[in-house]
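What follows is a short report on a single structure.
Throughout, read-outs are computed from the coordinates displayed, never taken from laboratory work. Fair warning: this is a prediction, and the values are worked out from it, not measured in the lab. Cβ placement follows ideal geometry from the backbone for every residue including glycine, while neighbour counts extend to all protein chains displayed.
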Amino acid sequence: MEYITLSNGVQMPMLGYGCFLVSPEECERCVSDAIEVGYRSIDTAQAYYNEEGVETAIAQAIAEGKVTREDLFLTTKVWISNAGYDKAKVSIDESLRKLQTDYVDLLLIHQPFGDYYGTWRAMEEAYKTGKVRAIGVSNFYPDRYVDLALFSEIKPMVNQIETHVFQQQKAARPFLDKYGAQIESWRLFAEGEKDISHNPVLTEIRKNMENMRHRLRCVSLCRAA
């Protein structure tokens, strides 16, 4: 697994398993399968209503000796209905209870609605007390991100936004780079939009990459000979 280092030094896996639209009943099996095949970053949220299913799968994997808690990078998100300092603070502890862990590796504001400034203060507090290893936001446009960053003690370390070949977030990147925030992509394959599997430009790139790999193999074989 490859990792990227966040602005506070925490290492985040570059590939993760997301639990959006995974039912509570299916979540345990899906997360167990994800861990089995090598995923170490698991992404859930209060609004997914499956944090407890994630916990069951992780607890089982740890009990079976497949991973340790330290091997995993666990993300959850504070939902709109829990916006504001008081509600967010309670909801963070509730998420920790459901996930049966002393800390999460990454905590995000799920959407920039409601009193998300109050939410951020609660998250900063959770970060300082060790309940969270890194904090960030999700679905924040550049203006909302910059506004929060300018008026916060701790800058958001991550912005989880829709990012793929058809939406590359070129306008957002300079603003996030300025404050040391890492883009974390969701909807990476565009949910099959625009016939992505057969897109002519992407198909041509794939062919060129395959040809390059073949040439590199030939060079390697020649050198070995």
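If a paramagnetic tag sat 7 Å from the Cα of Ser7 along the Cα-Cβ line, which residues of segment 92-121 would have the backbone N under 19 Å from that point?
Counting backbone N atoms under 19 Å from the label point, the list is 105-112, 116-121.
Need one number: convex hull volume per residue for the chain, Cα atoms only, in Å³.
Output value, Cα hull per residue: 160 Å³.
Compare Gly192, Gly84, Gly136 in a GNM of the chain, Cα atoms joined below 10 Å, and give the one with the largest fluctuation.
Its mean-square fluctuation being the largest, the pick is Gly192.
Given R₀ = 22 Å, FRET efficiency for Lys207-Phe166 by Cβ-Cβ distance, to 0.05?
0.65
Using the structure shown, select from Lys87/Lys155; Lys77/Lys131; Lys77/Lys155; Lys89/Lys128; Lys87/Lys178 the pairs with a Cα to Cα distance greater than 19 angstrom.
Lys87/Lys155; Lys87/Lys178
Work out how much length Tyr141 to Ile196 would gain on full extension: take 0.36 nm times their residue separation and subtract the Cα-Cα distance, in nm to one decimal.
17.3 nm
In terms of Cα to Cα distance under 14 Å, which aspartates and glutamates are near enough to Lys66, apart from those fewer than 8 places away along the same chain?
Partners found: Asp33, Glu36.
How large is the convex hull of the C-alpha atoms of segment 98-203 per residue, in Å³?
Dividing the Cα hull volume of segment 98-203 by its residues yields 131 Å³.
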